[in-house]
1. If I go through segment B:177-194 residue by residue, how many of them are outside any helix (DSSP H, G or I) and either among the aliphatic types (A, V, I, L, M) or without any contact (Cβ under 8 Å) to a residue 12 or more places away in the chain (or both)?
2. Could you tell me which residue of segment B:330-346 is nearest to A:Thr15 (Cα to Cα), considering only residues that are in contact with a helix residue (DSSP H, G or I) (Cβ under 8 Å, 6 or more places away or on another chain) and outside any loop (DSSP other than H, G, I, E, B)?
3. When you go through B:Ser167, B:Ser157 one by one, which is the residue that is part of a helix (DSSP H, G or I) and among the hydroxyl-bearing types (Ser, Thr, Tyr)?
4. Of (1) free of Cβ contacts under 8 Å to residues at least 12 places away in the same chain; (2) assigned to a loop (DSSP other than H, G, I, E, B); (3) surrounded by 14 or more Cβ atoms within 10 Å (Cβ to Cβ), B:Pro51 satisfies all except one. Which?
5. Quick one: B:Ala273 ticks every box in (1) surrounded by 21 or more Cβ atoms within 10 Å (Cβ to Cβ); (2) more than 14 Å from chain A (Cβ to nearest Cβ); (3) part of a helix (DSSP H, G or I) bar one, so which box is it?
6. Return yes when A:Thr39 is surrounded by 20 or more Cβ atoms within 10 Å (Cβ to Cβ) and in contact with a Pro (Cβ under 8 Å, 6 or more places away or on another chain) and no when it is not.
7. Filter segment B:45-78 down to the residues that are touching a helix residue (DSSP H, G or I) at 6+ places or on another chain (Cβ under 7 Å) and over 23 Å from B:Tyr123 (Cα atoms) and list them by number.
8. Restricted to segment B:195-216, and to residues that are within 13 Å of chain A (Cβ to nearest Cβ) and outside any strand (DSSP E or B), which residue is farthest from B:Leu111 (Cα to Cα)?
Amino acid sequence: MENTNAKDFSELTCTNLMIKLKILLNKLSPGDTVAFYATREQVDNTCSPFSGQGYQVIWTEVAANRYLVRIGK
Amino acid sequence: MRWLAGVIGTGGGQEHSGDTGNVKIFLTGDALFSLVDARTRPAWATLSRLPSVLVIADGDELRLQGLADPVASGIPGLRITGSANRESFWGELVSSLEKDWPGTRSAAFLLCTSPYMSRVPVYMLRFLTCVLGAGLHPELYCYLDGVHTLHDGQRPSEFENIGKGVSALSGNTVRACRDPWFAACSRCATARGYYQMNPGTGFCEPASCIQDIAIKPLKEILARFSGFHPVASHMGGWTVPAGDGKEGVPALTVFITHPPYCSEWTFGGLSLAIAAAMDGISTNVVFIEDGVYALQGNHDVPDNDRIFNVQEMIAVTTDIGRLSYYVHAPSVADRGVSTTGNLSLVREASDRDLSRILFPAKKDPAFTPAMRMLFF
């Protein structure tokens, strides 16, 4: 099921997704989350590493190579 | 141009411990007009008198543009290629790079402009044809509008067919037992419709593309930058200290020369620089000429606009270890702009500082076996 609040970042490069997430997470209040769609490669290479930086990262596969990712403080 | 004279002049004067060595400047296309422009001609005249500097102009393009006579008589010491008994401009460039990069097995061209609107793809073909002629492996990296080279079915009525030219070069390379490594950035190709999602698989596939250029993530293209070979472009260069071991990865300096938002140059240059640094390449970003406008004021992207805030991009990437940001102070002063105080990690650089960056001394921790320079 599509989450209408989630932006589609699946076409960003891993570098640009990293930049986008750092910008969004810098503005995030404690307890809030960022939700977006990403590919498997993005989840593995870019989203997962944020879990080592004090963020909670969870994802769900919603279609072929399409994941709904949530990152929160 | 004026700052280039300052940078080379500073280094050439040995005012710091780095050494510019012998500098060759190859000029073609629109850059040739700077040889007759009253604002820049004195700088060329000064540079061409330095014993360590050789300025080489493309004779065919000079004649095309009606510049041959004024240039030949106006700049002492200038070498003009293509006349009797002289090698072609591109042949001379390739001969030079073989000496600059001893032992290199390949040479690449980073193509950022589209066929027909720009003549740069013609230069790319001439350069890579000479690369192959020298027995090297030609490499082509299509980026930004350069990915339009991918388009199948190009049929210009008046211009050289770039798509067919790339295909012919690819075939000639294979027949010469060399390996053509021709790739286009997947982000740029997706944006321009050459890489389309297959809903059945969830993965993108080439659409209306020639077969000779593979679509690859920028990360894979940048992986080629770890090799010891030159990367030419519409405007670029390299420094290779003589006589040293060639171990290690060449460094990269990206010059941002355009205002931030009305074209993709700034975003494209920053993206490439950040990705390179994240892949382990020591990278400098220099905001220079109109590129300093990226640092003017505080940028506020409207909610309904889908664009990266360049200042936010810079702010969140200053913690990347191998990435350094500079702003060219004379460019700021020339334009009378005030750069934002929120980007304190962007260091001011004078011509002398740029000379230190581009020609680091051997004892400098930033010293690398080579430095590539790309202008966006």
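The values are calculated or read from the model by the stated rules, or taken from the named source; none is laboratory data. These numbers come from a predicted model, not from an experiment. Here Cβ is always computed from backbone atoms with ideal geometry, including for glycine, and neighbour counts include all displayed protein chains.
1. Qualifying residue count, segment B:177-194: 3.
2. B:Val346
3. Exactly one residue qualifies, and that residue is B:Ser167.
4. Here B:Pro51 clears every test but (3).
5. (2)
6. No: the conditions fail for A:Thr39.
7. B:Thr46, B:Leu47, B:Leu50, B:Ser52, B:Val53, B:Gly74, B:Ile75, B:Pro76, B:Gly77, listed by residue number.
8. B:Gly200
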